[in-house]
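Student: To start, I am sharing the structure in question, which I have written as structure tokens.
The values are calculated or read from the model by the stated rules, or taken from the named source; none is laboratory data. All of these numbers come straight from a predicted model, not from anything done at the bench. When we count neighbours, we look across all protein chains shown, and the Cβ atoms used for this are built from the backbone with ideal geometry, even at glycine. We work out accessible area using only protein heavy atoms, side chains counted, and drop any ligands, DNA or RNA first. Shrake-Rupley method; radii C 1.70, N 1.55, O 1.52, S 1.80 Å.
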Amino acid sequence: FKGGDTCEYLLSSGRFLGEKVWQPHSCMMHKYKNSEAKNCLIDKHVVFLGDSRIRQLFYSFIKLINPQVKEEGNKHGNIPFEDKSASIKVDFLWYPEVNGSMRQRIKSWTEGSVAKPHIIVAGAATWSIKIHNGSNEALTQYKINITSIAPLLEKLAKSSDVYWVLQDPVYEDILSESRKMITNEKIDAYNEAAVRILNSSSRNSKAKVKVFSVSKLIAQETIMKSADGLHLPESSRDTNAMILMNVYCNKIMKPIDGSCCQPQPPLTLIQKLAFCFFTLSIIGYLIINFIHRNNFRKNKSCTDLESGEEKKPAISTPNVSTLEMLLHSFCKLGLIMTYFYLCDRANLFMKENKFYTHSSFFIPIVYILVLGVFYTENTKETKVLNREQTDEWKGWMQLVILIYHISGASTFLPVYMHIRVLVAAYLFQTGYGHFSYFWIKGDFGVYRVCQVLFRLNFLVVVLCIVMDRPYQFYYFVPLVTVWFMIIYATLAIWPQIVQKKANGNCLWYFGLLLKLICLLTCIYFLSYSQGAFEKIFSFWPLSKCFELNGNVYEWWFRWKLDRYVVFHGMLFAFIYLALQKYQMISEGKGDPLFSNRVSNVVLFISIVSFLTYSIWASSCKNKTECNELHPSVSVVQILAFILIRNIPGYVRSVYSSFFAWFGKISLELFICQYHIWLAADTKGILVLIPGYPMFNVLVSTFIFVCVAHEISQITNDLAQIVVPKDNSTLLKRLLCIAGFFSGLLLFSAVQDQSRH
């Protein structure tokens, strides 16, 4: 539990991750862009008041608004800055000493005749030490002067944000002769005086002068790189400026990855209703459980005193009723969702920014791959992409993606491109799996569709309600859901072509290929017609599902990025099942997939293709250009992997049960990581145990995996209840679900109106 105020931590404590990334204690710092800084500071007046160190901070601050600004002008005079497009005024006022002149300027803002600045950043001391040669009398005078201006600053703090910047340490070894009297001992004495005197008259008041002491910590790490021993290097003062921006702007802009200084979001109407529902479920389950326990005690076996044997109860324990199973599932789910909310919405636990290093990504990858090999078992069947093998594939891919997310490896382009292939491989399996099922089984019934849709979407719908996030925020689930419906529509519309029908007449194979060509044409058209795509998904209520930040661009981008790979999966399934039907491949235990010569040639080509793709991905220099090529070429590495994994008979006959276990809960792992393993909607890392990064990851990972496994069990249990096989019962349930979503849309509209 972090305790205290995150603003206070942001201004006073933190550490460096690497050389340049500053990590505040307990919270995440947002990196503001120029446009965001302008939006935050629109119509604002900011004043920097002090010496040359404050002037440096002033320049770093205005460069966040306009990076083209150059550090020029009178160094020992006032420097104005104005951005007319956003009506922002930022002034530097030269007051190198805390004296009567500074007091007079501050007093003028308190009297009302002059407009008060919205933000005041002040600080000075080194000139007093230098001019008076570090004498004790100068320190005494400094205390008197700061005592006289403290009440004025505190008065200003009631209507403006006032910051007093403590003095940074100096690098005494390289100070010039004229500055040798500025020692760290003297600076500490001046800082101690400032901290003791400021806010002394308003200890219990909310309006306080904010002491900017974090600059000292930053300077301790970086002052050795100073050019003159007095002034901070540019990277350090840029960090200070970014901290100032976070302190003031986070509560206004509310960036997802800027948890410092952000208040806890208020509960929405839908969240309150969800809380009531889960509370009632818990109470209901406890009541039923209590009644059952009482009945069990009445019928409990008693010990025969003569023989000492236990007699069996006359009445057996009744089976668990549907209502009890339903309440039990919602009871567990309610407790789990409470944990979700506390982790990522309640500002209860600490959050930290990600920081990428090669070791933080590659060492865990090597570790889990070695671990996976130790859990090798024989498969039940030796077909290509059998169930154990696909679970294993999903499992190791999901673990790699999780490590990619927590390590912040998206900043390293070669890793990013390989992870894109893993996401594409998931979608490839979607195309392969669902096509195979419909082609072989010929089951296009409503029950099958509802089962798949429920299992895919249940957790995400609950999280949308509890975490107050749009459906499109969990982009992968909308993606696989839409592709499942596209596969279903392609095969279910007239004429329905399935394997049984095609076996009777080979012409049906050409009919199916014609359907696949039509699907490919539609995909190609939509991928190059953003307007048409956005029109389709901008109709209400589809827009409520696929909009993010007020538009469907993000959905179009995600769909377009892997637009062909599901089609590739369907085509691969069709070709493979045709080869299997006509016995053109051998799938016996230990047998190579083709004849020895053909297997060796295809295996060699696959290995070369796999490595060629990796070399190309590793040489990528531009993410946009590589993303353009990715949809067309990602299938190369996917097919190469499938052939390498399945051509040798021995390799096809074994699998890793370790990876397969994770593969069975891969969807839950992917979704749960957003809030209870990562933090701030994947932008940061959840910190349950501060100060011990490795131990924290172990504990949070254990909880995260257990929760994902439990949610998978809950989803399976509820799927049996909510989606029954009986058509008439299923129709009633579907009407109830339609009513639920109608109510959800209504409450959502009420929420949106109240927000506006």
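Student: Please pick out the residue among GLN472, GLN496, GLN451 that is polar (S, T, N, Q) and open to solvent by 30 Å² or more (accessible area, probe 1.4 Å).
Tutor: Details: GLN472 fails: open to solvent by 30 Å² or more (accessible area, probe 1.4 Å); GLN451 fails: open to solvent by 30 Å² or more (accessible area, probe 1.4 Å).
Just a single option satisfies the conditions, and that option is GLN496.
Student: Among the hydrophobic types (A, V, I, L, M, F, W, C), at positive phi and open to solvent by 10 Å² or more (accessible area, probe 1.4 Å): does that describe LEU385? Full working, then the answer.
Tutor: Details: among the hydrophobic types (A, V, I, L, M, F, W, C): yes; at positive phi: yes; open to solvent by 10 Å² or more (accessible area, probe 1.4 Å): yes.
Against the criterion (among the hydrophobic types (A, V, I, L, M, F, W, C), at positive phi and open to solvent by 10 Å² or more (accessible area, probe 1.4 Å)), LEU385 qualifies.
Student: Quick one: in the range 591-631, which of the residues that are at pLDDT 95 or above and of a type in the set (Ser, Thr, Tyr) is surrounded by the fewest Cβ atoms within 10 Å (Cβ to Cβ)?
Tutor: In this case the residue turns out to be THR612.
Student: Now a separate question. What number of residues in the range 161-197 are in a helix (DSSP H, G or I), of a type in the set (A, V, I, L, M) and either open to solvent by 60 Å² or more (accessible area, probe 1.4 Å) or in contact with a Lys or Arg (Cβ under 7 Å, 6 or more places away or on another chain) (or both)?
Tutor: Start the filter on the range 161-197 by keeping residues that are in a helix (DSSP H, G or I), which leaves 172-174, 177-179, 184-197.
Those still in the list that are of a type in the set (A, V, I, L, M) too: 174, 187, 189, 193-195, 197.
From what's left, either open to solvent by 60 Å² or more (accessible area, probe 1.4 Å) or in contact with a Lys or Arg (Cβ under 7 Å, 6 or more places away or on another chain) (or both): 174, 193, 195, 197.
Qualifying residue count, the range 161-197: 4.
Student: Which one of TYR564, TYR524, TYR509 is of a type outside the set (A, V, I, L, M) and crowded, with 19+ Cβ neighbours inside 10 Å?
Tutor: One residue alone meets the criteria, TYR564.
Student: Looking only at the range 77-92, filter to residues that are free of Cβ contacts under 8 Å to residues at least 24 places away in the same chain and within 17 Å of ILE54 (Cα to Cα); which one of those is nearest to the chain's Cα centre (by Cα)?
Tutor: First, the residues of the range 77-92 that are free of Cβ contacts under 8 Å to residues at least 24 places away in the same chain: 77-78, 80-82, 84.
After this cut, where a residue has to be within 17 Å of ILE54 (Cα to Cα) as well, the list is 77-78, 80-81.
Numbers: GLY77: 46, ASN78: 44, PRO80: 40, PHE81: 37 Å.
Going through the qualifying residues, I end up with PHE81.
Student: Hey, can you tell me all the residues within the range 632-650 that are touching a Lys or Arg at 6+ places or on another chain (Cβ under 9 Å) and modelled with pLDDT of 95 or more?
Tutor: Those that are touching a Lys or Arg at 6+ places or on another chain (Cβ under 9 Å) and modelled with pLDDT of 95 or more: SER634, ARG645, ASN646.
Student: If you go through the range 622-637 one residue at a time, how many are within 19 Å of ALA409 (Cβ to Cβ) and either within 25 Å of the chain's Cα centre (by Cα) or among the hydroxyl-bearing types (Ser, Thr, Tyr) (or both)? First the steps, then the outcome.
Tutor: Step one: filter the range 622-637 for residues within 19 Å of ALA409 (Cβ to Cβ), giving 622-624, 626-627, 630, 634, 637.
Narrowing the set further to residues that are either within 25 Å of the chain's Cα centre (by Cα) or among the hydroxyl-bearing types (Ser, Thr, Tyr) (or both) leaves 622-624, 626-627, 630, 634.
Counting residues in the range 622-637 that are within 19 Å of ALA409 (Cβ to Cβ) and either within 25 Å of the chain's Cα centre (by Cα) or among the hydroxyl-bearing types (Ser, Thr, Tyr) (or both) gives 7.
Student: Can you tell me which of GLY258, GLY284 is assigned to a helix (DSSP H, G or I), touching a helix residue (DSSP H, G or I) at 6+ places or on another chain (Cβ under 8 Å) and open to solvent by less than 40 Å² (accessible area, probe 1.4 Å)? If you could, list the steps in order and put the result at the bottom.
Tutor: Details: GLY258 fails: assigned to a helix (DSSP H, G or I).
The match here is GLY284.
Student: So, one more: Of all residues in the range 93-147, which are farther than 21 Å from ASP188 by Cα, without any contact (Cβ under 8 Å) to a residue 12 or more places away in the chain and not in a loop (DSSP other than H, G, I, E, B)? Full working, then the answer.
Tutor: Filtering the range 93-147 for residues farther than 21 Å from ASP188 by Cα gives 93-94, 100-120.
Next cut, without any contact (Cβ under 8 Å) to a residue 12 or more places away in the chain only: 101, 104, 108, 111-114.
SER101, GLN104, SER108 - these are the residues of the range 93-147 that are farther than 21 Å from ASP188 by Cα, without any contact (Cβ under 8 Å) to a residue 12 or more places away in the chain and not in a loop (DSSP other than H, G, I, E, B).
Student: May I pose another question? Does ILE65 meet the test of being of a type in the set (Val, Ile, Thr) and modelled with pLDDT of 95 or more? Spell out how you get there, then give the answer.
Tutor: On the way: of a type in the set (Val, Ile, Thr): yes; modelled with pLDDT of 95 or more: yes.
Yes, satisfied.
Student: For the range 537-560, give me each residue that is open to solvent by 60 Å² or more (accessible area, probe 1.4 Å) and either among the basic types (Lys, Arg) or in a helix (DSSP H, G or I) (or both).
Tutor: LEU542, LYS544, TYR553, PHE557
Student: Oh, and also: Please tell me if LYS75 is farther than 29 Å from SER128 by Cβ and in a loop (DSSP other than H, G, I, E, B).
Tutor: On the way: farther than 29 Å from SER128 by Cβ: no; in a loop (DSSP other than H, G, I, E, B): yes.
So LYS75 does not fit the description; no.
Student: Okay, next question. Looking at TYR32, TYR95, which is the one that is among the hydroxyl-bearing types (Ser, Thr, Tyr), at pLDDT 95 or above and either under 25 Å from the mean Cα position of the chain (by Cα) or not assigned by the TED database to the domain that holds HIS132 (or both)? Before the answer, list the steps.
Tutor: Values: TYR95 fails: either under 25 Å from the mean Cα position of the chain (by Cα) or not assigned by the TED database to the domain that holds HIS132 (or both).
The unique qualifying residue is TYR32.
Student: Continuing with the same structure: Among the residues of the range 325-367, which ones are of a type in the set (A, V, I, L, M), closer than 30 Å to GLY18 by Cβ and buried (at least 18 other Cβ atoms within 10 Å of the Cβ)?
Tutor: MET350
Student: For the range 217-252, how many residues are surrounded by fewer than 18 Cβ atoms within 10 Å (Cβ to Cβ) and touching an Asp or Glu at 6+ places or on another chain (Cβ under 6 Å)?
Tutor: Result for the range 217-252: 0.
Student: For ASN378, state whether it is out of contact with any helix residue (DSSP H, G or I) (no Cβ under 8 Å at 6 or more places or on another chain), among the polar types (S, T, N, Q) and farther than 27 Å from ILE419 by Cα.
Tutor: Numbers: out of contact with any helix residue (DSSP H, G or I) (no Cβ under 8 Å at 6 or more places or on another chain): yes; among the polar types (S, T, N, Q): yes; farther than 27 Å from ILE419 by Cα: yes.
Spelling it out, ASN378 is indeed out of contact with any helix residue (DSSP H, G or I) (no Cβ under 8 Å at 6 or more places or on another chain), among the polar types (S, T, N, Q) and farther than 27 Å from ILE419 by Cα.
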